[in-house]
Amino acid sequence: MAKLDAAAAELRAAGGDVHVARVVSTDPADVEKHFCSVVDQTGGEDISFNLIGLSDVQGHPLTAVALDDYMRPSAASSCLSAAARSPAS
(Lines give C-alpha, C1' and ligand atoms only; values in the text may rest on other atoms or scores of the structure.)
Protein backbone atom coordinates (compact mmCIF):
# COMPACT_ATOMS: atom_id res chain seq x y z
CA MET A 1 0.00 0.00 0.00
CA ALA A 2 2.97 2.32 0.46
CA LYS A 3 3.37 2.80 -3.32
CA LEU A 4 -0.35 3.48 -3.73
CA ASP A 5 -0.33 5.94 -0.84
CA ALA A 6 2.66 7.73 -2.37
CA ALA A 7 0.98 7.91 -5.77
CA ALA A 8 -2.22 9.17 -4.14
CA ALA A 9 -0.30 11.88 -2.29
CA GLU A 10 1.29 12.98 -5.56
CA LEU A 11 -2.09 13.16 -7.29
CA ARG A 12 -3.60 15.09 -4.36
CA ALA A 13 -0.71 17.57 -4.50
CA ALA A 14 -1.61 18.14 -8.15
CA GLY A 15 -5.23 18.86 -7.17
CA GLY A 16 -6.73 15.39 -7.54
CA ASP A 17 -9.32 13.80 -5.25
CA VAL A 18 -7.90 10.36 -4.50
CA HIS A 19 -8.91 7.55 -2.15
CA VAL A 20 -6.91 4.37 -1.64
CA ALA A 21 -8.37 1.18 -0.18
CA ARG A 22 -7.48 -2.48 0.05
CA VAL A 23 -10.44 -4.62 -1.00
CA VAL A 24 -10.56 -8.40 -1.48
CA SER A 25 -12.36 -8.58 -4.82
CA THR A 26 -13.27 -12.25 -4.36
CA ASP A 27 -15.01 -11.57 -1.02
CA PRO A 28 -18.53 -10.26 -1.71
CA ALA A 29 -18.89 -8.93 1.85
CA ASP A 30 -15.63 -6.97 1.57
CA VAL A 31 -16.64 -5.55 -1.81
CA GLU A 32 -20.08 -4.57 -0.49
CA LYS A 33 -18.56 -2.94 2.60
CA HIS A 34 -16.16 -0.90 0.46
CA PHE A 35 -18.86 0.04 -2.04
CA CYS A 36 -21.13 1.30 0.76
CA SER A 37 -18.21 3.25 2.23
CA VAL A 38 -17.57 4.95 -1.12
CA VAL A 39 -21.25 5.82 -1.54
CA ASP A 40 -21.39 7.17 2.03
CA GLN A 41 -18.30 9.35 1.42
CA THR A 42 -19.21 10.60 -2.05
CA GLY A 43 -23.00 10.40 -2.25
CA GLY A 44 -22.91 8.06 -5.24
CA GLU A 45 -20.76 5.85 -7.40
CA ASP A 46 -19.01 6.20 -10.72
CA ILE A 47 -17.02 3.04 -11.36
CA SER A 48 -14.91 1.81 -14.23
CA PHE A 49 -13.52 -1.72 -14.10
CA ASN A 50 -11.19 -2.97 -16.82
CA LEU A 51 -10.53 -6.70 -16.81
CA ILE A 52 -11.71 -8.51 -19.92
CA GLY A 53 -10.77 -11.47 -22.08
CA LEU A 54 -11.47 -11.99 -25.76
CA SER A 55 -14.38 -14.36 -25.09
CA ASP A 56 -16.03 -12.08 -22.51
CA VAL A 57 -19.02 -9.81 -23.16
CA GLN A 58 -17.89 -6.52 -24.69
CA GLY A 59 -19.41 -3.50 -26.38
CA HIS A 60 -22.32 -2.98 -23.97
CA PRO A 61 -22.89 -0.42 -21.22
CA LEU A 62 -21.74 -1.83 -17.89
CA THR A 63 -25.28 -1.55 -16.54
CA ALA A 64 -26.53 -3.80 -19.35
CA VAL A 65 -24.09 -6.66 -18.68
CA ALA A 66 -25.47 -9.64 -16.73
CA LEU A 67 -23.83 -10.17 -13.32
CA ASP A 68 -22.40 -13.58 -14.32
CA ASP A 69 -20.83 -12.05 -17.43
CA TYR A 70 -19.41 -9.17 -15.37
CA MET A 71 -17.94 -11.48 -12.72
CA ARG A 72 -16.43 -14.08 -15.11
CA PRO A 73 -13.14 -12.23 -15.87
CA SER A 74 -12.53 -11.51 -12.18
CA ALA A 75 -13.24 -15.11 -11.17
CA ALA A 76 -10.98 -16.42 -13.94
CA SER A 77 -8.21 -14.02 -12.94
CA SER A 78 -8.52 -15.03 -9.27
CA CYS A 79 -8.26 -18.72 -10.19
CA LEU A 80 -5.19 -18.09 -12.35
CA SER A 81 -3.57 -16.01 -9.61
CA ALA A 82 -4.21 -18.72 -7.01
CA ALA A 83 -2.80 -21.38 -9.33
CA ALA A 84 0.32 -19.27 -9.94
CA ARG A 85 0.88 -18.90 -6.18
CA SER A 86 0.40 -22.64 -5.46
CA PRO A 87 3.60 -24.64 -4.91
CA ALA A 88 4.40 -27.09 -7.68
CA SER A 89 3.21 -30.66 -7.05
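May I ask you to list the residues in the range 17-34 that are assigned to a helix (DSSP H, G or I) and free of Cβ contacts under 8 Å to residues at least 12 places away in the same chain?
Keep residues of the range 17-34 that are assigned to a helix (DSSP H, G or I), which gives 28-34.
Those that are assigned to a helix (DSSP H, G or I) and free of Cβ contacts under 8 Å to residues at least 12 places away in the same chain: 28, 29, 30, 31, 32, 33.
Of the numbered conditions (1) at pLDDT 80 or above; (2) within 15 Å of the chain's Cα centre (by Cα), residue 77 fails exactly one; give the number of that condition.
(1) is the only condition that residue 77 fails.
The values are calculated or read from the model by the stated rules, or taken from the named source; none is laboratory data. Just so it is clear, the model here is predicted, and its values are computed rather than measured. Counting neighbours? That spans all protein chains shown, and the Cβs are built from the backbone with ideal geometry, glycine included.
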